[in-house]
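Enquirer: I have a structure here, written as structure tokens, and I will follow up with some questions on it.
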Amino acid sequence: MPKNNKKNSQKKVTRYTHEQIKEPRTPETGHTQLLPADEQIVALPMDNGWSKAITVGKLPEKDDRPVVVDMDPAADPVLFWAGKRNKREIPILPLQRNEIVSESRIAQIIERAQKAAAEKSGEARQGHLFADLEKTLREGDKSRRVEFYTHDEGWKNKLICGDSLHVIESLLHYENLRGKAQMIYLDPPYGIDYNSNFQKLIGTGRNDDDDSDRADDVLTIKAFRDTWSLGVHSYLSYLRERLYLCRDLLSESGGVFLQISEANLHLCRSLMDEVFGYSNFAAQILFRKSGGLTAATLNRVGDYLVWYFKDAEQGRSAYRQLFRRKVPGDEGATQYRYVLLPDGTIRELSDDELRRASEDELVAHDNVTSQGNPVYEFHFRGRVFKGPFKPPPERLQALADMGRLCVVGNTLRYVRRLSDFPWFEVNQLWEDTGVSGFGRPKVYAVQTSDLVIERCISMTTRPGDLVLDPTIGSGTTALAAERLGRRWIGIDSSRVAINTARWELLRTLYSHYRLRNGRPSGDFEYQTSPRIRMSGLIDGKEPERVELFDRPVPDLSAIRVCGPFEVMTLGRYSVEDWKGYVISEAARSYAEMPKLQNYIAVICRLYRKDAAVQGAGGLVHAIAESEKDKIAISVGPLSGRVTAKQINDAVQDALALGILEVHVLGWAFEANVGEIKSQLESRGRVKIHLVMIRPDTLAEGLKATQPEMLFSPLALPDVDVKLANGKGKPKEAVVTLKGVGVFDRKQRTTEYYAADSGYVAAWYLDEDYDGDCFVDCQMFFDFKKAPNLKATLKAEVDPGEFKLQLTSQSFPVRGYKRIAVKVVDVYGNESTVVKHVS
Ligand SMILES: C[S@@+](CC[C@H](N)C(=O)[O-])C[C@H]1O[C@@H](n2cnc3c(N)ncnc32)[C@H](O)[C@@H]1O
């Protein structure tokens, strides 16, 4: 344990570190040095030998379709589907850090929260990170320390927006994480029609939107899209590629859990047999969900976890058995139906009595004899029993003296008490994971129960180990890992998901667990339970103490907040994906174009079917017709951000053509694009739309036909900065959020709404923006939209108190003389604007 400075415990922020981690290639800021050209594309091998084990031939007679005519019986059977290949070339794209929630920032904010909580007057204020923390400190024991777990230099937890395929490749090649993950939890789309099952609004837990005047956001509306070009065939290809990559990430003793419904369970198991090998199968778990599905036959009450080790032998040796509390009459305690009577016999209880009985009085009975032992006579309660008793006579007498023998019929039996070890081993049926398994209310339409993931983590990893989730959704795995002191990486292709996860991570208060040697990697102290066994009593030994690995011992003198993490996206995401990509109806003509032209044509036509492509010569790449007028379309580079210069040049080119509406499409935008947009628009002639291209727009297998699924607006927030000049003091600034742009899907335009009109879910301020990495200094949430606020604070809440605060605290203007404001709207879209404050 780190030493606590008693005199100044309010201000001191201690933290724990994880072991030294190998340096990744991706730098903290700026652009990543790319891999050497010959390493930028890898062939993803997806073959456990099956391709060599099959014999391909032709059907007899006229039918000349190739078919598998035989298979080597020495190989394991495998599943086939349309498009199954044994390898595929994929590009390796670097990651970009968008934001660092750094250690020192968290430490600063905690100190601020502590100071504010120590003030005599005043209410807990929103307006900085950990408003919950301030409130908790204010209302609770003020001497409680605030801790967070961190990792040594070179390691930071990560939330990464991007397609899991490319992100994992990047983690393997740029971040050196091959063989480093101890556990992977994969909860992909289930491969069935989930059209109605997606998350529209961030933080509300609702996937319906009764407020119909609010425009549906194009990004979020299909955030959970699951439409695949070849149906289940594409789905199997999608999953198999990712499973092979997950295997590469796993350490030798690691394992992967795949969450799946029964619709595709059978296919997924076959897939996992292929990827991991049947002998590495660990278990198949059925867990209860919070809501069931009505079916024509038996209703569905749960989903499955299919668990495979990378290497079964090593995986089993790293496995930690968990236990659940025995409940009289229930699973694990069904034999404990008796009470011991004063005459040494036992009586079976009725169901009613059983429900009311206490743990201490319930007993079961067991054999006290065993073949092969010497037979002797034993006197008990006036009767003589003869048998090959397990203990010698004097120890059998000791058992009798301890009240451990009873008579059942004509037999002498051993008395087992429920309280001897009131726990039973967690097995493959998890019935306790329904509604009560959620540590927090639902914020995401398809959120997994916390208990399910916590259990997987506790069974297979130790504190400090790396847990990875390629489909993080609302962040359940990251939260569980943070809660349990594990390192984590969460990936999702949806920005709604990444923002929801970020939001959940930062505002949660975690228990602080006692560490064995001051570092998570040195493990926690766990609650223990004595286990009394007949063999121990016979030998006169002290009962063994069993560690309960999912019950670390909390240190009640401290509370814990989230440790530092970084938010990343795939940098040159789209670079290679578009290669050879064509729109079917014009396939030939596009394929024949030079590369750049092909790229531009494809994107323009995906955006507007009617776009007249102009080619790559100028910066107006296509022209389309709106109801009123013409629109100029300019497409940003595949490998970088749309710059202010591109916008300026596109506008000049459009004006030269007499076009007054310009749509600039990009995979990423420089943070200062807002400044140039307003400068150009302020001249009164031209209207500019900045449009994000959804990262997985060109991913193979997706039905990329509807523009509203692929593009969303970059709506820049409207902010005001006021400066005050303290005499002889540094300049102070105050930022006010005035408005936010929200995309109207039907009109395909962005309307600005006042910041207090209910569209802002959260906003963040970087007080000293370095032009590259956004760092949270102040955070503001609309807590009205957080149904779990009451639970988090464990208090009655006056909603007025948590109204979204629109003005920041004042702060000194520092070195870069630039601030950045990031706004996340209720649909999960985020946008950043930069302002100079000199
Ligand atoms: C069932 S949800 C996961 C929910 C999560 N277990 C939770 O508790 O919130 C599946 C997630 O996979 C994401 N997803 C779908 N395809 C993806 C891909 N190719 N790469 C990364 N994420 C993807 C979706 O955006 C969605 O958030």
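Enquirer: How much of Thr294 can a 1.4 Å solvent probe reach, expressed as accessible area in Å² and rounded to 10?
Expert: Rounded to the nearest 10, the figure is 130 Å².
Enquirer: Taking K and R as +1 and D and E as -1, what net charge do the other residues with C-beta under 10 Å from the C-beta of Asp469 add up to?
Expert: Here the count lands on -2.
Enquirer: Further, regarding this structure: With a 10 Å radius around each residue's Cβ, average the other Cβ atoms per peptide and rank 830-836, 284-290, 357-363, highest first.
Expert: 830-836, 284-290, 357-363
Enquirer: Ordered by residue, what ³J(HN,Hα) values in Hz, to whole numbers, does the stretch 137-148 give under the Karplus form 6.51 cos²θ - 1.76 cosθ + 1.60, where θ = phi - 60° and Gly and Pro are x?
Expert: 5, 5, 8, x, 6, 5, 7, 5, 6, 10, 10, 8
Enquirer: So, for the stretch 467-517, what is the accessible surface per residue at a probe of 1.4 Å, expressed in square angstrom?
Expert: 15
Enquirer: Around Val68, under 13 Å between beta carbons, what's the net of Lys plus Arg minus Asp minus Glu among the other residues?
Expert: Here the count lands on +2.
Enquirer: Something else now. If we sort 382-392, 515-525, 343-353 on the protection proxy, mean other Cβ atoms within 10 Å, highest first, what's the order?
Expert: Descending mean neighbour count gives 515-525, 382-392, 343-353.
Enquirer: Carbon and sulfur together cover what percent of the accessible area of the stretch 304-397 at a 1.4 Å probe radius?
Expert: 46
Enquirer: When ranked by the protection proxy of mean other Cβ atoms within 10 Å per residue, highest first, what sequence do the peptides 476-489, 753-766 form?
Expert: Most protected by this proxy first, the peptides run 476-489, 753-766.
Enquirer: Next question. Not counting ligands, DNA or RNA, and with a 1.4 Å probe, what is Val742's accessible surface area in Å² rounded to the nearest 10?
Expert: 0
Enquirer: Moving on to the next point. Just the number please: accessible area per residue for the stretch 312-378, 1.4 Å probe, all protein chains included, in Å².
Expert: Roughly 59 Å² per residue, with all protein chains present.
Enquirer: Cross-link list Lys630/Lys677; Lys142/Lys289; Lys84/Lys158; Lys156/Lys310; Lys84/Lys289; Lys156/Lys729: which exceed 27 angstrom alpha carbon to alpha carbon?
Expert: Pairs exceeding 27 Å: Lys142/Lys289; Lys84/Lys158; Lys84/Lys289; Lys156/Lys729.
Enquirer: Moving on to the next point. Taking R0 as 45 Å, what FRET efficiency do you get between Leu655 and Lys729 from their Cβ-Cβ distance, rounded to the nearest 0.05?
Expert: 0.45
Enquirer: Between Val69 and Asp351, what is 0.36 nm times their sequence separation minus the Cα-Cα distance? Round to one decimal in nm.
Expert: Working it through step by step, the gained length comes to 95.5 nm.
Enquirer: Can I ask one more? What ranking of Ser436, Ser712 comes out by heavy-atom accessible area, probe 1.4 Å, highest first?
Expert: Per-residue accessible area, sorted high to low, gives Ser436, Ser712.
Enquirer: Another question, then. Residues with beta-carbon under 10 Å from that of Leu723, excluding Leu723: net charge, scoring Lys, Arg +1 and Asp, Glu -1?
Expert: Once all neighbours under 10 Å are counted, the net charge is +1.
Enquirer: Let me ask something else. So if each residue of separation counts as 0.36 nm, and I subtract the Cα-Cα distance between Ala283 and Thr297, what length gain in nm does that give?
Expert: Roughly 2.4 nm would be gained on extension.
Enquirer: If r is the Cβ-Cβ distance from Ile54 to Lys817 and R0 is 56 Å, what FRET efficiency results, to the nearest 0.05?
Expert: After rounding to 0.05, the efficiency reads 0.25.
The values are calculated or read from the model by the stated rules, or taken from the named source; none is laboratory data. Please read all numbers here as calculations on a predicted model, not as lab measurements. FYI the Cβ positions are ideal-geometry reconstructions off the backbone, even for glycines, and counts take in every protein chain you see. The accessibility values were calculated without ligands, DNA or RNA, using every heavy atom of the protein model including side chains. Shrake-Rupley method; radii C 1.70, N 1.55, O 1.52, S 1.80 Å.
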